[in-house]
1. Which length gain, in nm to one decimal place, applies between Arg81 and Tyr342 when the Cα-Cα distance is subtracted from 0.36 nm times their residue separation?
2. If the chain between Lys299 and Glu56 were fully stretched, how many nm would it gain, using 0.36 nm times the residue separation less the Cα-Cα distance?
3. With a ≥ b ≥ c the root eigenvalues of the C-alpha gyration tensor of the stretch 335-390, is it rounded (a/c under 1.5), prolate (a/b larger than b/c) or oblate?
4. Quick check on the chain: helices-only [θ] at 222 nm, where DSSP H runs of length 4 and up contribute -39,500 (n - 2.57) each and the sum goes over total residues. Nearest 500, please.
5. How large is the accessible surface per residue of the stretch 115-194, computed with a 1.4 Å probe and reported in Å² as a whole number?
6. Pick out which of Pro172, Pro37, Pro27 has the largest mean-square fluctuation in a Gaussian network model of the chain, springs linking Cα atoms closer than 10 Å.
7. Which percent, nearest 5, of DSSP beta bridges in the stretch 50-194 are antiparallel?
8. Please label the shape of the stretch 34-97 as rounded, prolate or oblate, based on the square roots a ≥ b ≥ c of the eigenvalues of the alpha-carbon gyration tensor (a/c under 1.5 means rounded; beyond that, a/b larger than b/c means prolate, else oblate).
Amino acid sequence: MNFKFSKRVPNLDDDVVGEILKVAGDPEIISFAGGLPAPELFPVEAMHQAADKVFEKYGKDALQYTATIGNVKLRESISHRMQTNKFVHTSIDNICITTGSEQSIDLVAKMMVNEGDVILVEKPTYLCALDVFKSYGAKVVGIDMDEDGMLMDALEAKLTEYSEAKLIYTIPNFQNPTGRTMTADRRQKMVEIAEKHNVVILEDDPYGEIRYSGEVVPPIKHYDENGTVVYMNTFSKILAPGMRLGWIVADKDFIDAFVVMKQSADLHSDNLSQYIVAQYMEDNDLDKHIQSISDEYKKRATMMLKEIDEQFPKGVKHSNPEGGMFIWVEVPGNVNTMDLFYNCVKHNVAFVPGEPFYPDEVIPGTFRMNFSNMKDDQIHEGVRRMAVAINEMM
């Protein structure tokens, strides 16, 4: 059959990320490529107990269809956390449960983007968001960053150049892929700029609570008084990705439209998972669990940074994240990162090359390393193997 796919289906022959992850999945390879949470930190027993209680108390309801906007009890818990942990005043009417962050990105893009519309993003940024935006025909424009996040002067300039831009997509906390965090001043300035140019900010905050150094910075949504910011988050990094639950917080009019779009996508997110997570949050101290994750990730990040400093060639630069799961590395010279990737694979170690994270011009010699899913011996040996491969390329 000759399938006449739409333009939204990518060319499967050009699936660079899929090929990278396939290679990195080889059990012989130490992989710093994935963005996986540490499975040994999943609260398996507590979730088991929550599931048992759900079946005992709410079994028939949990197995039934539910409202698209999501479980009331779960949205109440999220509303409370948004106000106490995120300093965002909201109500359950401003919250919709989603099937992970990916659905939030997809539906917001579907709502906002027509063919040829401009979306402004950090350069580099989350590769799957880029794929979604491009699938809807968006023109994705990169905004330069430094160690303190997106540059506001550069954002203002691009919004002046692209006056009809629809969306600013940003990951302000421990950004994927760079690990960088945007300062409070820039967050406040971003809201001012967005309101001036009448453009929506999509704030993606999957790593924000996994902080292990530095001072807590309120979300961009904290500075929003006019509904300019659509905030999104997920339980994937603070509980378990297999639950496939996230949420968005937005103006009531936006949520109403979002719910209609979600109805046609999946009717509602998994009802049983919503009941279980709500029960878990009622019975357990989620902050204590997140602290245990942060403590362990701090150890792994510290070790990986130490190994990089000691073993990588001189001149190699890296980010110094205050939280999250990633370190961004820049190798000097005009090193082809894909060639470096395949050379590392020969040494049985892998990372994610920088190319897929760039919306436009690619900076050579850049790549992302993940430390959250690695044990100490893997970090030490994996960095040693990478150092050999990098020296060979340089």
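1. Extra length available between Arg81 and Tyr342 comes to 89.6 nm.
2. 83.5 nm
3. In terms of gyration-tensor shape, oblate.
4. Theoretical 222 nm ellipticity from helices: -14000 deg cm²/dmol.
5. Spelled out: the 1.4 Å probe surface of the stretch 115-194, per residue, equals 34 Å².
6. Per the Cα network of the chain with a 10 Å cutoff, Pro27 tops the list.
7. Roughly 20 percent of the DSSP beta bridges within the stretch 50-194 come out antiparallel.
8. In terms of gyration-tensor shape, oblate.
The values are calculated or read from the model by the stated rules, or taken from the named source; none is laboratory data. What you see is a predicted model; the values in this text were computed from it and never measured. Here Cβ is always computed from backbone atoms with ideal geometry, including for glycine, and neighbour counts include all displayed protein chains. For accessibility, only protein heavy atoms count, side chains too; no ligands or nucleic acids. Shrake-Rupley method; radii C 1.70, N 1.55, O 1.52, S 1.80 Å.
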